[in-house]
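Below is one structure, written out as structure tokens, with a few remarks after it.
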Amino acid sequence: MILVMSGTEEGREIVKELNHRGKELLTTVATEYGFEIYDKMGLGHLCLQGGLDVNGLSKLIRNKKIETLIDATHPYATQASLNAIKACKESGIEYIRFQRDETTVEDQPFIHIVKSIDDAVEWCSKSDRERILLATGFKSVEKFIKLKNKKEIYVRILPVPDHIVKCIKMGIKSSNILALQGPFSLEINKAMFKQYKIDIVITKDSGNVGGVPEKIQASKEMGIDVVIIKRQEIDYPIKYSSIEEVFSKLGL
């Protein structure tokens, strides 16, 4: 049996194709929103919801007789990947990492690359610009909330009711919450930036699939600073950046 840790568009493509080919598999997602997507695809019966630590993964591997684990989690879900690597090593099964390529970023004065969310917060605190669009997901909001008395913070997050409520409780104004499913086109990004008078965009390097090039181009055209948080480097036992390579490794 194959276990696919997904939660990304490519992860869903892998699950869909494996199921189409009649392979025995399970997939895991961290959130209810992720499960709902699989349910709408008619694959909810293959999906387990909830984050798993090393012990939880190892138990699942034993109980379901998993032989191969495909880690197709988000490029920034580093702890999930580290847990998977360790669980596979301890269980003696094959680990395969799928990770989308990084975005090719030209050296331009409006682009600022930082190593962490904390570094992004520090950069913003020192900038004389005041209207931030945080496009790095719900979990990073708590890091930026310390700037809410100095900056106008807008957050672009998935339309998950619990996340919206928590943002409001943290101090984000409801009118500053853009609860939408991306990725977004160049035109939509430009319209949002203009509507809310954004002058700083914070993003992770989620690759082309994550709409990073469109954010950068929209910012360039509108004179907006872009702060890109780099991916954490992990020494993966094996890593591919195309779904075709993953299936070739599986002998499919």
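Only the coordinates and a few stated rules stand behind these numbers; no lab work does. Just so we're clear, the structure is a prediction, and the values are computed from it rather than from any experiment. Methodologically, a virtual Cβ is constructed for each residue, glycine included, from the backbone with ideal geometry; neighbour enumeration extends over all protein chains shown.
Remarks
- Residues H112, H45, H74, sorted so that the one with the fewest Cβ neighbours within 10 Å comes first: H45, H112, H74
- Of the trypsin sites (Lys or Arg not before Pro) in the stretch 137-171, those whose Cβ has at most 13 other Cβ within 10 Å and which sit in DSSP loop: K150
- Out-of-range pairs (alpha-carbon distance over 25 Å; input K40/K194; K59/K166; K23/K64): K40/K194; K59/K166
- Residue exposure sequence - T27, T136 - by fewest surrounding Cβ within 10 Å: T136, T27
- Difference of contour (0.36 nm per residue) and Cα-Cα distance, F110 to M170: 18.7 nm
- Sparse-neighbourhood loop sites, GluC sites (Glu not before Pro) in the stretch 151-252 - DSSP loop, at most 12 other Cβ within 10 angstrom: E233
- Between 0 and 90°, nearest 10: helix 78-91 axis offset from the chain longest Cα axis: 10
- Highest-fluctuation residue, G182, G207, G22 considered, GNM on the chain with Cα pairs under 10 Å: G22
- Build a GNM of the chain with springs between Cα atoms under 10 Å apart, and of V165, V201, V212 the one that fluctuates most is V165.
- Comparing the stretch 136-198 with the 2.2 N^0.38 Å rule of thumb, its C-alpha radius of gyration ratio is 1.10 (two decimals).
- Length gained when the stretch Q181-K143 is fully extended (0.36 nm per residue, less Cα-Cα span): 11.5 nm
- Helix-only mean residue ellipticity at 222 nm for the chain, each DSSP H run of n ≥ 4 adding -39500 (n - 2.57), per residue, nearest 500: -11000 deg cm²/dmol
- Cα centroid separation - the stretch 89-128 against the stretch 135-214, whole Å: 17
- Pairs of alpha carbons in the stretch 57-215 separated by more than 28 Å make up 32% of all such pairs.
- F184, F144 arranged by Cβ crowding within 10 Å, fewest neighbours leading: F184, F144
- In nm, spacing of pseudo-spin labels at K230 and E244 (7 Å Cα→C-beta vector): 3.1
- Dividing the convex hull volume of the alpha carbon atoms of the stretch 55-103 by its residue count gives 66 Å³ per residue.
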